[in-house]
Structure formats: C-alpha cells, structure tokens
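What follows is a set of notes on a single structure, which appears directly below.
Coordinate-derived values only; no laboratory data. Note that the structure is predicted; figures quoted are calculated from it, not measured. Quick reminder, even Gly has a Cβ in these numbers, built from the backbone with ideal geometry, and neighbours come from all protein chains shown.
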Amino acid sequence: MKNLAFVFPGQGSQAVGMVADLYESYPQIQHIFARASDVLELDLMEMVASDVHNQLNLTQYTQPALLTSSVAIWELWKEKSSVRPTFMAGHSLGEYSALVCAGALNFEDAVLLTHKRGKYMQEAVPEGTGAMMAVLGLEDQQVVEICQQADAGGNVTAANFNSPGQVVISGSKEAVEKAAGQAKEAGAKRVMPLPVSVPSHCALMQPAADKLAEDLVTIDIKSPEIPVVHNSDVMPHISPENIKKALVEQLYKSVQWTQTNQFFIDKGILNIAECGPGKVLSGLAKRTHRTWNIYSLNTADGFNQAVNAGDQES
C-alpha cells in the first residue's frame, strides 16, 4: 500500500469497550496496556473495558487511555504488516500517539505526559465555565470573524478547523454561546454543544501550556523516523526543540486539521488509516477528499481489512 498516512484520534473518540476484540485476540495489545497501567498505577484495561469507577471520561485518564489504544494498534500493525506510512498526524491529543509511533517519544513518557496534560487542562478552567461548540455550514473565515465580533477580548476562538464547513469554537461559556447565536444568524446549518469539561485550543489553556512546557524540559524527544505533521503549523518537524514547541502551542492554538488533510492531498497521499478508537477522523477524511481509500483500525475486522489491502498492493 503506497502513499499511506496514519492518523491518530483525539479526545472524544473514547468509549467503554474500545479495542476490546483486539485486546482479547492479541497479547501484544495486552502488553502495551500493562505497561501503561504500571505508569498510571491502575488497571487501565479494566477501566477501558468496564469503567466501573466512572474514570474513562475524566480527561486525565481519557488521554492516556486513547494514547495507549492507538499505540497498541500500531505495535500490532508493525508485526502484521510490512507497510509503513509516508506521514503521520494526530488530532490534538493524537499528536502524542503519532510521535510515539514515529519513534520520537518514549511510550511511558507519553503516558505520564498525557495524564498530566489532562490534569493541567482541567485545572486551568473551572468546570462549567468553559464550552466548545461545533459550527456546521459556514466558511472558516466567517467563523473566525464571528468569534472576533462576539468577544474582542479573545474569550472565544475558532479552535478546530476539522473539515470544510465544520469548525469548533472554544472559550468561556458566555462568549461561546454568544458566538453560537451569531453563527446561527449568519446561516450555520447546525450549532452543536460538545460534551466536554475543558475548552481546548483557546487562550484559556495558556496556564496548562506553561506547566506542560516545564515538564517537557526533562523529556527526551528524538527526530521522528516517520514525518509527523503538527496541528498548529501543519509542518513536519525534525528538531526535538521544535517538536516540544509544537506540543506546547497546540494546547492554546487552533487544530489545523483541514489543512493537515490538504497537506496529505498535496503530497499525493491515496490511503488514510485511522489508528485508534472510533471513526471520527475517517469521517473527516471522507468529507475532505472523497477519492481516498480510508481504513479504520479500531476493530479486528477493520484492522485485518487494512492489512490485507496492504498485502495485495505490496
């Protein structure tokens, strides 16, 4: 399978029972979860499988759980397929998964970093005071201007440019609701609140970014073996310092996912594989470029379909 990009999902793709059939079928998946459990000092697979203590949707556990699921699938892919992607990218949190899988970031370091990242994000904004909403059916620049008109102080911004006609706004609850009303008046097809406890990718995350920057000083990051396209500037970085800078900036800057997919188009990518739970990024890819072959690796059937497709093209 030539001209392949691997993409890694972010927060919102988690679900109780995710990757369950892969976990039951492959000891490699179990091993990765055991390593993450050691770092977090809890049984991560039990949380993912049953969530009896209602922890999976707490952001400090959601993030390492998604990271672990994605990395586990990648490790299985490396064993089952000789095909390697030309590029990688991760949506928000998924950028950490991409960096681990590209050989730039140690897995255990990433588990701890994403756990801390989740805590820092929750601490930065008191629960109930922030909000995120998806705006459908407007041009990107329209949404940017609406946010500026709704609050000149920057308390609401366009946080995620996900696909043509889909932009997520983020910030203080009052400012987001005001911008949402203006978006409806401007002709948005739908404006939907997102079930999140933290308004990501906006200026309110600056305190979390500052704490994360301090942690990253002591983390060893290498040049990726596979180029990783970053959220904030849509560039693959080689320098460890530039990678750390990108990880800090993506907390308070917009996720440029539409431009990331355009980067893949410009580079001749023909195949997209979503490596992790859910099919959010697969759906965004379909809306962005209808001729792509898209594979979701979140189940045994989907994983095996992608492996077989790679074998047939090799």
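Only helices enter this figure: runs of n ≥ 4 DSSP H residues, each worth -39500 (n - 2.57), summed and divided by the residues of the chain, yield -15500 deg cm²/dmol at 222 nm to the nearest 500. Full extension of the chain between residue 206 and residue 293 yields a length gain of 27.6 nm, computed as 0.36 nm times the residue separation minus the alpha carbon distance. Our estimate of slack between residue 55 and residue 286, defined as 0.36 nm per intervening residue step minus the Cα-Cα distance, is 80.0 nm.
Seen from a random direction on average, the alpha-carbon convex hull of region 219-313 projects onto 7.3 square nanometres. Site pair residue 79 and residue 265 shows an inter-label distance of 3.8 nm when each label is modelled 7 Å from Cα along Cα→Cβ. Restriction of the GluC sites (Glu not before Pro) in region 15-114 to DSSP coil positions whose beta-carbon has at most 16 other beta-carbons within 10 angstrom yields 41. In the chain, the DSSP beta bridges split such that about 55 percent are antiparallel, to the nearest 5.
Which FRET efficiency value, to the nearest 0.05, do you get for residue 241 and residue 185 by plugging their Cβ-Cβ distance into 1/(1 + (r/R0)^6) with R0 = 41 Å? Computed FRET efficiency for residue 241 and residue 185 comes out at 0.40. Relative to the longest principal axis of the Cα atoms of the chain, the long axis of helix 257-266 lies at roughly 50 degrees. Between the helical axis of 300-313 and the longest alpha-carbon principal axis of the chain there is an angle of about 70 degrees.
Using θ = phi - 60° in the Karplus curve 6.51 cos²θ - 1.76 cosθ + 1.60, the 3J(HN,Hα) couplings for region 39-49 round to 5, 7, 6, 7, 7, 5, 5, 5, 4, 5, 6 Hz; x is entered for Gly and Pro. Across the chain, Cα pairs under 8 Å and at least six residues apart give a relative contact order of 24 percent. Students often get this wrong, so try it: which of [x] 29.7, 90; [y] 28.8, 88; [z] 18.6, 55 is Rg and Dmax of the Cα atoms in Å as calculated from the structure shown? Recomputing Rg and Dmax of the Cα atoms in Å here picks out [z].
Highest GNM mean-square fluctuation among 30, 60, 250, for the chain modelled with Cα contacts below 10 Å: 30.
In a reduced charge model with +1 at each Lys and Arg Cβ and -1 at each Asp and Glu Cβ, the chain shows a dipole moment near 780 debye about its Cα centre. Distance between the 7 Å Cα→Cβ label points at residue 41 and residue 301: 4.2 nm. The alpha carbon convex hull volume per residue for region 130-196 rounds to 63 Å³. Taking R0 as 51 Å, what FRET efficiency do you get between residue 16 and residue 152 from their Cβ-Cβ distance, rounded to the nearest 0.05? After rounding to 0.05, the efficiency reads 0.75. Relative to the dominant Cα principal axis of the chain, helix 140-150 is inclined by about 40°. Quick one: grab the alpha carbon gyration tensor of region 127-253, order the square roots of its eigenvalues as a ≥ b ≥ c, and give me rounded if a/c is under 1.5, else prolate or oblate depending on whether a/b is larger than b/c. Prolate, since a/c reaches 1.5 and a/b exceeds b/c.
The distance between label points at residue 174 and residue 234 comes to 3.5 nm (points 7 Å beyond Cα on the Cα→Cβ vector).
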